[in-house]
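Notes to accompany the following structure.
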Amino acid sequence: DYRITTKSSWSGAWKYPAAVGALGLGIAAYGYKMDPDRFAFSYLFAFILALTLPLGSLFFVLVQYITKSAWSVTVRRVAELTMRPMPIFAVLVIPLVLTIGHLFPWLGAKHEAPPENDTSSESPIAEARGLESHEPAALRDLPVASTKRMERAEERAEESIITHKRSYLNRQFFLVRLIAYLLVWTWLVQKYFRWSTDQDKTKALENTAAGQRFAPAGLILFALTLTYFSFDWLLSLDGTWYSTIFGVQIFAQCALFQTATLILLTLALRRSGLLGEAVTVEHYHDLGKYLFGWIVFWTYISFVQFFLTWYSNIPDEVAWFHKRWHDNGGTWQGLSVALVMLHFFIPFWFLMSRNIKRKLPLLAAGSVCMVVMHVLEVYWIVMPNLGACAPSIIDLGCLLGVFGVYLAAVLRGMEDYSLVPIGDPRLVRALDFENA
């Protein structure tokens with residue numbers, strides 16, 4: 001029945017990430033006391049990173065239902081178990097809610113254009129974008145007063161952008177949307193998880209049919225909530241930046257991270273004998289193709305965002321990439337180059353081969369690379385908004401704390417349910433699956 005028994009090494013394994021999570025949260029709490037600003041950004045990085053896995057798993061499950069897929073049945077339950085702990089994020093998000101004033105400059109600014117003769121530079125928006133020390137090369141020979149006036153004019157323009165967004169970017173509506181996102185995701189997760197696990201007992205075909213019927217609506221809800229969540233918690237870290245494709249890029253990260261993690265987790269379970277012969281090289285071959293496809297999709301979306309920003313050359317848009325290349329003393333240039341090389345070029349050529357996809361140690365190596373690069377990419381998206389900063393123990397504490405708690409919930413859930421949906425009517429076809 002593909003269950004974790006008391007004799008299995010996986011029995012009670014959840015206690016280890018739980019202990020690590022407790023240690024990490026302790027470090028994070030100390031980090032908040034020492035540097036609240038750094039804690040806020042570090043915790044946001046850890047929270048977003050952990051959240052992308054259950055979100056990617058939810059998408060994976062919805063797609064398997066809407067396509068009536070048979071090959072993936074034997075790996076679907078592992079994806080369902082990784083999305084199951086979604087409700088704990090309603091608790092893990094509390095530190096973010098309490099520190100949003102440290103994250104979003106638009107929460108602390110009055111957003112009223114300063115008078116023309118005001119030469120002060122006390123503006124959270126200006127500080128967040130480095131305008132206080134900004135001096136364009138073309139203006140270095142101008143009198144100080146003229147340069148100040150031009151800088152203040154830029155500030156006033158940016159403040160007017162925030163004012164224009166005031167109906168959307170305000171604390172009350174912001175928190176209402178956050179609650180709505182978590183409720184929708186939790187509802188979808190519980191709905192599909194209940195259909196799947198109840199079917200293990202009843203073998204009811206109606207559960208599969210219900211999942212298939214609701215999948216289109218579920219995907220629409222997923223797309224809308226993920227897009228607006230990414231606008232709220234990542235894009236609005238710089239409230240003046242525009243990007244209509246940003247939500248798609250975050251979606252690509254979720255899907256890629258989930259596929260790589262699913263490969264690694266099922267490999268570990270298979271090696272322990274818990275999956276028996278339910279997941280074979282044929283399944284990993286398809287998962288490898290899935291992973292390769294997401295690498296290409298992620299690259300396409302990331303390049304489109306960069307290319308259109310470069311081509312249009314609108315100051316409010318290019319500032320985002322300047323912050324990750326020219327600004328902050330070039331702190332983030334190395335990581336920017338690493339994302340291009342190790343998130344696309346090397347894994348693209350590595351995973352293109354059919355032989356690589358069918359040699360499980362090599363497929364695992366490619367998956368590990370994708371997991372590591374996803375961690376670095378989320379860090380690259382969040383932390384430059386803090387400025388030029390070296391990695392900190394606070395980052396590690398938040399990462400261990402949030403991800404440790406989430407992983408403990410995943411492993412604890414694995415002990416209560418079968419690791420394969422034994423009641424699914426397509427299970428026989430999945431067990432006999434072979435690639436063409």
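The values are calculated or read from the model by the stated rules, or taken from the named source; none is laboratory data. Keep in mind that this is a model prediction, so the values were computed, not measured. Here the Cβ is made from the backbone with ideal geometry for all residues, glycine too, and neighbour counts use every protein chain on show. SASA here: full protein model, heavy atoms, side chains in, ligands and nucleic acids out. Shrake-Rupley method; radii C 1.70, N 1.55, O 1.52, S 1.80 Å.
Over the C-alpha atoms of the range 247-330, what are the Rg and the largest Cα-to-Cα span, Dmax, in Å?
18.7, 57
From largest to smallest, what semi-axes in whole angstrom does the range 377-436 give when each is the square root of 5 times an eigenvalue of its alpha carbon gyration tensor?
That gives 41, 18, 8 Å for the three semi-axes.
Report the label-to-label distance for Val371 and Ala223 in nanometres (one decimal), using points 7 Å from each Cα along the Cα→Cβ vector.
Distance between the two pseudo-spin positions: 3.1 nm.
Using θ = phi - 60° and the Karplus form 6.51 cos²θ - 1.76 cosθ + 1.60, what ³J(HN,Hα) does each residue of the range 33-43 get, whole Hz, x for Gly and Pro?
Residue by residue, the range 33-43 yields 5, 7, 8, x, 5, 5, 4, 4, 6, 5, 5 Hz.
With just the Cα atoms of the range 1-51, tell me how far they stretch along each of the three principal axes, in Å, largest first.
If we take the Cα atoms of the range 1-51, the spans are 49, 20, 8 Å.
Need one number for the chain: average projected area of the convex hull over its C-alpha atoms, nm². Before the final figure, lay out the partial values.
Details: hull surface 87.8 nm².
Spelled out: convex hull of the Cα atoms, projected over all directions, averaged, 22.0 nm².
Would you kindly state the longest site-free stretch of the chain, with sites defined as GluC sites (Glu not before Pro) in a DSSP loop (not H, G, I, E, B) surrounded by at most 13 other Cβ atoms within 10 Å?
Formally, the longest exposed-site-free interval is 278-433.
What base-10 log of the normalised intensity I(q)/I(0) is obtained for the range 271-316 from the Debye formula, alpha carbons as equal point scatterers, at q = 0.22, 0.31 Å⁻¹?
Taken in order of the listed q values, log10 I(q)/I(0) reads -0.80, -1.01.
If you bin every alpha carbon distance in the range 250-387 into 10 Å steps from zero, what whole percent lands in each bin?
11, 38, 28, 15, 7, 1
Whole-Hz ³J(HN,Hα) for each residue in the range 86-100, computed from phi via Karplus 6.51 cos²θ - 1.76 cosθ + 1.60 with θ = phi - 60°, x for glycine and proline: what do you get?
3, x, 5, 6, 5, 8, 5, 7, 4, x, 5, 4, 6, 10, 5
Starting from the 7 Å offset along Cα-to-Cβ, what nm value, one decimal, do you get for the label separation of Leu308 and Thr202?
4.4 nm
Quick one: Karplus J couplings for the range 293-303, per residue in order, coefficients 6.51, -1.76, 1.60, θ = phi - 60°, nearest Hz, x for Gly and Pro?
Ordered by residue, 3J(HN,Hα) equals x, 5, 4, 5, 5, 4, 5, 4, 5, 5, 5 Hz.
Computed over the Cα atoms of the range 192-317, what is the ratio Rg over Rh, Rh following Kirkwood?
That ratio is 1.09, to two decimals.
What whole-number distance in Å separates the alpha-carbon centres of the range 300-369 and the range 397-436?
Cα centroid to Cα centroid, the span is 29 Å.
Within the range 269-311, which chymotrypsin sites (Phe, Trp or Tyr not before Pro) sit in a loop by DSSP and count at most 16 neighbouring Cβ atoms inside 10 Å?
Sparse-neighbourhood loop chymotrypsin sites (Phe, Trp or Tyr not before Pro): none present.
Net charge around Tyr65, counting only other residues with Cβ within less than 12 Å of its Cβ (Lys, Arg = +1; Asp, Glu = -1)?
Net charge around Tyr65: +3.
Determine the share of the chain's accessible area contributed by carbon and sulfur atoms, expressed in whole percent, with a 1.4 angstrom probe.
64 percent
Roughly what would the spin-label model give for Ser160 and Ala436, points 7 Å off Cα along C-beta, in nm?
So the label points at Ser160 and Ala436 sit 5.8 nm apart.
Below 8 Å, C-alpha to C-alpha, sequence gap of six or more: please give me the relative contact order for the chain in percent. Could you put the intermediate results ahead of the total?
On the way: 541 pairs, mean separation 164.5, N = 436.
Result for the chain is 38 percent.
Running Debye on the range 334-436 with equal point scatterers at the Cα sites and no solvent, what base-10 log of I(q)/I(0) appears at q = 0.13, 0.17, 0.23 Å⁻¹?
At q = 0.13, 0.17, 0.23 Å⁻¹ the computed log10 ratios are -0.80, -1.05, -1.17.
Rg(Cα) of the range 27-68 divided by 2.2 N^0.38 Å?
For the range 27-68, the normalised Cα radius of gyration comes out at 1.80.
What Kirkwood Rh does the range 230-284 have if only Cα atoms enter the pairwise 1/r average? Answer in Å. Write down the numbers at each step before the final one.
Working: mean 1/r = 0.0725 Å⁻¹.
Value: 13.8 Å, from the Cα pair sum.
Using the Kirkwood radius over Cα pairs, work out the Stokes-Einstein diffusion coefficient for the range 291-370 at 37 °C and 0.692 mPa s, in µm²/s as a whole number.
Numbers: Rh = 14.2 Å.
Here the translational diffusion coefficient equals 231 µm²/s.
Could you report the accessible area of His164 in Å², rounded to 10, computed with a 1.4 Å probe on the protein chains as they sit in the structure?
150 Å²
Taking only protein heavy atoms into account and a 1.4 Å probe, give the accessible area per residue of the chain in Å².
So the chain comes to 44 Å² accessible per residue, rounded to a whole number.
What Kirkwood Rh does the range 342-384 have if only Cα atoms enter the pairwise 1/r average? Answer in Å. Please list the in-between numbers first.
Numbers: mean 1/r = 0.0904 Å⁻¹.
Final number for the Kirkwood radius of the range 342-384 is 11.1 Å.
How big is Rg to Rh over the range 173-238, alpha-carbon atoms, Rh as the Kirkwood inverse-mean-distance radius?
Answer for the range 173-238: 1.13.
Could you put Asp238, Asp416 in order of accessible surface area, largest first, with the 1.4 Å probe and the full protein assembly present?
Heavy-atom accessible area, descending, gives Asp416, Asp238.
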